[in-house]
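Below: the structure, in structure tokens.
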Amino acid sequence: MILKKVTRGELHEWVDEVIAARRTYGVQSKSDQFAFAPLKRASDLRLDYDVTILPPKTFFQPQWEDLITYRGDEGYQSVIEAEPFVLLGVHPYDLVAVSQMDEIFSQSKPDIRYLSRRESATLVAVDVQSPSRHTFAGYMGTSSVDRGYDILLTRMGDEYLVDIATERGREIMGRLERLRDAAESWLDQRMMVWEHNQGALRAHQLRADPSTWPDLLEKSYDHPVWEEKARLCFSCGSCTLVCPTCYCFDIREDVGWDLETRRRYRVWDGCMLQDFARVAGGLNFRKDAAARYRHRYYRKGKYVPEKLDGQIACVGCGRCIQACVANIADPVEVFNRLAEGA
Amino acid sequence: MESGARHSRDHYLPRPALVLQSRPMTESDRFFEVRLECKEDLGHMPGQFVMVSIPGVGEAPISVSSSPTKKGSFEMIVRRMGNVTQAMHRLQPGDGIGVRGPFGAWFPVDGELKGRDIFFACGGLGLVPLRSAVNYVLDNRGDYGALQLYYGTKCPSDRLCVEELDRWRDRGDVSCEETVDKADENWSGNVGVITSLMTGLRVEPDRSAALLCGPPVMFKFVVGALRRAGMKDDHIWLSLERHMKCGVGKCGHCQMSNLYVCQDGAVFRFSDVEDIPEALQ
């Protein structure tokens, strides 16, 4: 671990250096929200953001991604696109989600496309400075992390503590190397930031500790809450699109403009969408909105945790709450409700 | 992140294959014999499926219908249902397709089923995957006890593998009984649901097993009939239908509660799924 202490000006100089040398994406403002986008200059970087519209999964599992092409003369060819890039400004809760996706896409049949993109990424994280109005990361144990990043930036007054944690982080440290080292005591100060954030990232009050979620769900399959919430659901899938731990996809096929090249690609899909579990011939194994709504919560709180040593597939980012037009997607409300009856 | 993308193989890349035979079986079902271009055997077991690619159209999950004891090529029987299967119905000998897989679990003909009396119960297209198990068992006939096949279709013109059913009957070492929901003027056989064939069922609980494939509604009644005759829940295997898209347990389409049908099934032991809420409904 290398620890540096930098001023805001020094940080900007370093970011501009990174931008000049590598493909770089960073958090920027987008009307009154924030989004990851190609970064042209350090001054556009907003390390004080609350939450991005879409999570960083877009960089590892893009919305549209080619799988294979087919041409009569050359048959089927794999398409695997992965170029090195730097992602600046990832929040801790999103890092937790990325590490879960790493496990999912490495399990049993590893996904070569996800893993290639993931291995091309250098992740520069930043501790949260402005909690979002729907966050409950403080309850989910995801308001801070001590791993999963290559570099972690923590703001302390007018300065930043820069924690360069990995070899990959060292590769982009450039001019930071010549700057002053931070004293070990800064780690204690960072701990205070983490403790503060654990309390601050609690905009929605969760009364059901995440460790209880699998058991709560175990006995709540016929709970009235599924039907009550789903009655208002438009089945639009917004909650799944913005979720950092949703990764379901569809596979589709297209003919190119040369009318010879055929491409097969995958696109994000979501279990909240009406036809998700439909089979040829029309039978739909999850035709009721309530069954789809319930399935999503069971994935988050039970099915995925069973595959990932108990890790809950919700990091408390609150994006689903913000995205839901019917105002029914708040996991805090649902799990508080399940806990009431318990 | 330093895991081994370099060492992973591309599970989405189909293997090129050649259509050797393509002929109609019913008005809406077609029989195909296919050989991988590499000329290797598919390497499947009865009950497994492949993803079939038609360039420019897409991919669909298709049961392998031939037994792995048949070498050099494999067979599929495909109903015209969606884009891909419609395109498959236009395939002619010599045409190329792509194949991924085989995927999933299989009927344990190579393990637990040995030495057992086996009941095969299938409705409609359910004969297609079971045909693989039947032929495997018949090709290793000495390894199993008594064999009984029940096959139900909506009407006589829906019956698949008609000549093969006659060949099985002619062997004398497997009993094949058929029924149709609705007869026509040429049908002299049984009329009624599949369980109407199973009234005199004789099950020896410790040495009997049943393999089922058919529409969801069939399972409830067939399992009921088997149970009443003494069949144990963990001696029943069934093949469940869902829409597999990736085949490798990721895309989520075939998920059934916590299970991915493409990886954990499509063949399941009944006692493993009877309490899974989304499995049998």
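Where a number appears in this text, it was derived from the coordinates with a stated rule and is not lab data. What you are looking at is a predicted structure, and each value in this text was computed from that prediction instead of being measured. Counting neighbours? That spans all protein chains shown, and the Cβs are built from the backbone with ideal geometry, glycine included.
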Practice task
With 30 Å as the limit, write out which pairs from A:Lys307/B:Lys245; A:Lys40/A:Lys307; A:Lys4/A:Lys307; A:Lys57/B:Lys245; B:Lys71/B:Lys245 have Cα-Cα distances beyond it, or answer none.
Solution key: A:Lys40/A:Lys307; A:Lys4/A:Lys307
Problem - Cysteines in chain A lacking a second Cys C-beta under 4.7 Å - result: A:Cys233, A:Cys236, A:Cys248, A:Cys271, A:Cys314, A:Cys317, A:Cys324
Practice task
Could you run the Karplus curve 6.51 cos²θ - 1.76 cosθ + 1.60 with θ = phi - 60° over the range A:123-139 and give me ³J(HN,Hα) per residue in whole Hz, x for Gly and Pro?
Solution key: 9, 9, 9, 9, 5, 5, 10, 10, x, 7, 7, 10, 6, 9, 4, x, 7
Handout entry: Order by protection proxy (mean Cβ within 10 Å, highest first), peptides B:129-140, B:49-60, A:184-195, B:67-78
Key = B:49-60, B:129-140, B:67-78, A:184-195
Problem - Helical contribution to [θ] at 222 nm, DSSP H n ≥ 4, -39,500 (n - 2.57), averaged over chain A, rounded to 500 - result: -8500 deg cm²/dmol
Problem - Estimated vicinal HN-Hα couplings, Hz - the range B:87-98 in sequence order (Karplus 6.51, -1.76, 1.60; Gly, Pro = x) - result: 5, 4, 5, 8, 5, 10, x, x, 6, x, 9, x
Fill in the blank from the handout: Protection proxy (average C-beta count within 10 Å per residue), highest first, orders A:162-170, A:116-124, A:90-98 as A:90-98, A:116-124, A:162-170
Exercise for the section: Decide, for the protein assembly as shown, between rounded, prolate and oblate: order the square roots of the alpha carbon gyration tensor eigenvalues as a ≥ b ≥ c, take rounded if a/c falls under 1.5, and otherwise choose prolate if a/b is larger than b/c, else oblate. Expected result: prolate
Fill in the blank from the handout: Links exceeding 26 Å between C-alpha atoms in this model, out of A:Lys109/B:Lys220; B:Lys39/B:Lys154; A:Lys229/A:Lys287; A:Lys229/A:Lys302, come to A:Lys109/B:Lys220; B:Lys39/B:Lys154
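For peptide B:11-24, compute the average count of partner chain beta-carbon atoms within 10 Å of each residue's beta-carbon.
The shielding value for this peptide is 3.
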Exercise for the section: Report, in whole Å, the centroid distance computed from the Cα atoms of the range A:309-342 and the range B:167-214. Expected result: 50
Fill in the blank from the handout: Ordered by number, the GluC sites (Glu not before Pro) in the range B:168-267 that occupy a DSSP loop and have at most 12 other Cβ atoms within 10 Å are B:Glu185
Fill in the blank from the handout: Residues whose built amide H sits under 5 Å from the amide H of B:Ser65, excluding neighbours closer than 5 in sequence, are B:Glu75, B:Met76, B:Ile77
Problem - Euclidean distance between Cα centres, the range B:216-241 to the range A:229-244, Å - result: 36
Practice task
Could you please state, rounded to a whole Å, how far the C-alpha centre of the range A:250-275 is from the C-alpha centre of the range A:96-138?
Solution key: 25
Completion exercise
Calc'd 3J(HN,Hα), the range A:19-29, phi into Karplus 6.51 cos²θ - 1.76 cosθ + 1.60 (θ = phi - 60°), Hz, glycine/Pro = x, comes to 4, 5, 9, 9, 5, 10, 10, x, 6, 9, 6
Handout entry: Equivalent ellipsoid dimensions for the range A:1-84 as semi-axes, Å, which come from the Cα gyration tensor, largest first
Key = 34, 17, 11
Completion exercise
Expected integer from the mean partner chain Cβ neighbour count at 10 Å over B:238-251 is 5
Problem - For residues of A:271-282, the mean tally of beta carbons on other chains within 10 Å - result: 4
Handout entry: Normalised contact order of the range A:126-166, rounded percent, pairs of Cα under 8 Å and 6 or more residues apart
Key = 37
Practice task
Search the structure for amide H atoms under 5 Å from the amide H of B:Met256, placed 1.01 Å from N in the peptide plane, and list their residues when 5 or more places away or on another chain.
Solution key: B:Val261
Completion exercise
For A:Gly256, the residues 5 or more places away or on another chain with a placed amide H closer than 5 Å to its own amide H are A:Thr261, A:Arg262, A:Arg263
Handout entry: Cα-projected label distance for B:Glu164 with A:Glu306, points at 7 Å along beta-carbon direction, nm
Key = 3.4
Problem - For peptides A:252-260, B:156-164, A:196-204, sequence by mean Cβ density within 10 Å, most packed first - result: A:196-204, B:156-164, A:252-260
